[in-house]
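The values are calculated or read from the model by the stated rules, or taken from the named source; none is laboratory data. Every value quoted in this text rests on a predicted model; they were computed, and no experiment measured them. Here Cβ is always computed from backbone atoms with ideal geometry, including for glycine, and neighbour counts include all displayed protein chains.
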Amino acid sequence: MKKIVIAALLGSSIMSTQVLAKDSVYIGLDILTSNNEWTVDASNSANGASASADFDDDSTGFKLKVGIEGSDGWRFQGYYLGETYDETVFDDTNDYLNEIGVDIIKGFEVTSKFSPFIQVGIGYGWMDVEGYTDDSINAVSMKVGGGAMYKVTENIELLAGIDLQYRKWEDIEIGTVTIETEEESVKLYAGINYHF
């Protein structure tokens with residue numbers, strides 16, 4: 001499954017390069033903090049019993065980006081996200097999420113230096129776990145958000161934004177019990193991009 005998602009992300013990146021390509025490629029770094037609300041549902045197929053729990057487990061992290069700025073304010077970027085949760089989630093030792101994904105961004109130029117933007121994105125994440133059949137658990141995420149960019153120089157821009165994100169984690173099977181986990185997040189971030 002991981003190979004299929006990675007191939008799809010790389011394929012869309014290559015196609016978007018052909019469509020959006022202009023003379024502006026950029027790299028960037030965002031620092032983020034996130035308020036995460038988790039919902040865990042457990043059901044037992046043997047006796048039909050079920051239970052549900054909600055809890056908060058916030059996180060901080062960083063996002064490395066490589067992007068292409070196209071015409072009319074459109075951008076396409078791929079990213080790697082590293083996120084550390086305040087508490088462990090699936091076991092007693094691991095609290096670090098890896099995620100790769102793509103974002104499509106539309107900027108609205110107000111002045112030559114200032115542009116509000118909106119964005120949508122999808123991602124594929126994984127976290128190492130102990131005590132399960134597999135040694136990692138995977139997640140698929142979707143997000144929408146917005147913010148603003150400010151060009152400090154021709155090559156350097158600062159940005160800040162907020163994303164609303166939904167993440168669906170892989171189901172966990174323990175005997176006859178199935179555990180479903182969902183995560184809803186509000187992410188605040190600030191960052192810098194360097195245009196070549």
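Please find, among ILE172, ILE100, ILE179, the residue that is touching a Leu at 6+ places or on another chain (Cβ under 8 Å), aliphatic (A, V, I, L, M) and surrounded by 15 or more Cβ atoms within 10 Å (Cβ to Cβ).
ILE100
When both residues are 6+ apart or on different chains and their Cβ atoms are under 7 Å apart, which pairs have a first residue that lies in segment 46-68 and is farther than 28 Å from ILE104 by Cβ and surrounded by 14 or more Cβ atoms within 10 Å (Cβ to Cβ), and a second that is among the aliphatic types (A, V, I, L, M) and modelled with pLDDT under 95?
ASP57/VAL89
Sort out which residues of segment 113-163 are among the basic types (Lys, Arg) and closer than 22 Å to GLY61 by Cα, and write them in order of number.
The answer is LYS143, and nothing else.
Write out, first by first residue and then by second, each pair whose Cβ atoms fall under 6 Å of each other, whose residues are 6+ apart or on separate chains, and whose first residue, in segment 101-126, is free of Cβ contacts under 8 Å to residues at least 12 places away in the same chain while the second is exposed (fewer than 14 other Cβ atoms within 10 Å of the Cβ) and in a loop (DSSP other than H, G, I, E, B).
From segment 101-126, no pairs qualify.
Name the residues in segment 119-148 that are exposed (fewer than 15 other Cβ atoms within 10 Å of the Cβ), in a strand (DSSP E or B) and of a type in the set (Val, Ile, Thr), would you?
Those that are exposed (fewer than 15 other Cβ atoms within 10 Å of the Cβ), in a strand (DSSP E or B) and of a type in the set (Val, Ile, Thr): VAL120, VAL144.
What residue, among those in segment 30-45 that are surrounded by fewer than 14 Cβ atoms within 10 Å (Cβ to Cβ) and either modelled with pLDDT under 95 or among the hydrophobic types (A, V, I, L, M, F, W, C) (or both), is nearest to SER141 (Cα to Cα)?
Ranking the qualifying residues of segment 30-45, first place goes to ILE31.
List, please: which pairs have Cβ atoms under 6 Å, are six or more places apart or on different chains, and start with a residue in segment 164-186 that is touching a residue at least 40 places away in the same chain (Cβ under 8 Å) and assigned to a strand (DSSP E or B) and end with one that is of a type in the set (Asp, Glu) and buried (at least 18 other Cβ atoms within 10 Å of the Cβ)?
ARG167/GLU183
Going by the structure shown, is PHE90 of a type in the set (Phe, Trp, Tyr) and modelled with pLDDT of 95 or more?
Answer is no for this residue.
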